[in-house]
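Just so you know, all these numbers are worked out from the coordinates, no wet-lab data involved. This structure is a prediction, so every number in the text was calculated from the model and none was measured. Using ideal geometry, Cβ is built from the backbone for each residue, glycine included, and neighbour counts are taken over all protein chains shown.
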Amino acid sequence: MPGKKTKRPAATAPQTPWADYLNYFEQRQDQMVDTIRQLVEIESPSDNKQAVDRIAGFLASKFQSLGGRIHLHHSNDFGDTLQVDFAGTSANSNSRKPVLLLGHYDTVYPLGTLASMPCKFEKGHLHGPGVLDMKSGIALTLHAIEALQHRQGLPRPVTVLLVSDEEVGSYSSRKVTETLAKQCAAVLVLEPAAGLHGALKTARKGVGEYTLRVKGVAAHAGLDPGKGHSAILELARQITTIANLNDLKQGMSVNPGVIQGGTRTNVVAAEAFVKIDVRIKSAKQAAGIDRKLRSVKPFDKHCRLEITGGINRLPMERTSGVASLFKAAREIASQVRWKLEEAAVGGGSDGNFTAGMGIPTLDGMGGVGEGAHAVHEYIVVSELPRRALLLSAMIERA
């Protein structure tokens, strides 16, 4: 009713005029698109150190121009990992613990992909390799930090960590991520949102990768077939057993995804292997599935089995810390009449590491779109202002 005032509870009152921030980012939507396009057009496959280091250098100069202190963590086997530290610049900001903005600049696409999959704007979408996963998230970070500095000053210290090998397991960067996360109050992961409704990710499955190798006995398939013990036949039996470990009702999947074996059709195969993807919903499932995989026995006593690998990422579970961050994000969104949703997803990210350490972690802070890792990968350009607003506000509220 006209004249009637509604008193908003102090606990949920925004500390900054987020509606004004949304307008600010709407006016700069084209600039955000330009930044994303620049990043997409610097191809950065995980397995090409020179290419990944090139985008690290480009981003280092961008963040440095905003006043960030640059530190490159060198790696011999992968690209270098970029750490950028910002001091708080508003009153009393440096008395607060930092927030960690976590992402990666490596992609799954080989060099030369742009020739067949160019970065282009079409029907409200920006297409290109890595545009969703996750170069739009990096661009949002640049613009969010710039906006906070311009409008009110950084409300707290901020550390940005962009790793070079997330798509291939984060083997060189994991220790850096975990070390920095311990120093922070919360972690905001710049991976893409879940689905076209833009949900934040409050739970992720844990991820494991195993390799089962079979060593059999070679023989001539025509002259001495009875003297051979086929590694391929043994592997086929083992794959059937492994597939029976699936427990989809409990959120656990076991997928034999890659197989290889044998040398020629006229030779009983002496070697074969299978690579197995494992997804778990809860940390307590890790030991059980690991034990079952390592206890497999050969059907043919003349064959030998060897299993290697393990759980690389424990699940990101919806803890009270995760739920608290999502509640803050939802309250911020409500200030601009945005009904923000949450989702649990099957894929893993580096947020699994930090959440597994007990550090409040909120994932899916990046762009909105579809087709990650696919030829139709795109982001919805009109969603960029809201995502930038949310990231800016969560830097303050986390």
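Here are some notes:
- Of G124, A181, Y105, farthest towards positive along the dipole that unit charges on Lys, Arg, Asp, Glu beta carbons give the chain: A181
- Computed over the range 206-313, Kirkwood Rh from alpha-carbon pairs, angstrom: 14.5
- Per-residue [θ]222 nm for the chain (sum of -39500 (n - 2.57) over DSSP H runs n ≥ 4, rounded to 500): -9500 deg cm²/dmol
- Viscosity 1.306 mPa s, temperature 10 °C, Stokes-Einstein D of the chain from Kirkwood C-alpha radius, µm²/s: 70
- With a Förster radius of 35 Å applied to the beta-carbon distance between N244 and F121, the computed FRET efficiency rounds to 0.15.
- Charging the Cβ of each Asp and Glu at -1 and of each Lys and Arg at +1, and nothing else, the dipole of the chain about its Cα centre rounds to 1500 debye.
- Taking the Cα centre of the range 206-313 as origin and assigning +1 to Lys and Arg Cβ atoms and -1 to Asp and Glu Cβ atoms, the resulting dipole is close to 340 debye.
- Simple rule: put +1 on each Lys or Arg Cβ and -1 on each Asp or Glu Cβ in the range 297-364, find the dipole, and look at A329, F299, L340; the Cα lying farthest toward the positive end is F299.
- Mean Cβ count within 10 Å, highest first, over the residues of peptides 291-302, 198-209: 198-209, 291-302
- Gaussian network model of the chain, Cα within-10 Å springs - most flexible of S253, S320, S349: S320
- Protection proxy ranking, highest mean first, for peptides 59-72, 39-52: 39-52, 59-72, where packing is the per-residue count of other beta-carbon atoms within 10 Å, averaged.
- Per-peptide average of other Cβ atoms within 10 Å, ordering 268-275, 189-196 highest first: 189-196, 268-275
- Size of charge dipole - the range 265-323 - debye, nearest 20, with Cβ of Lys, Arg +1 and Asp, Glu -1, no other charges: 280
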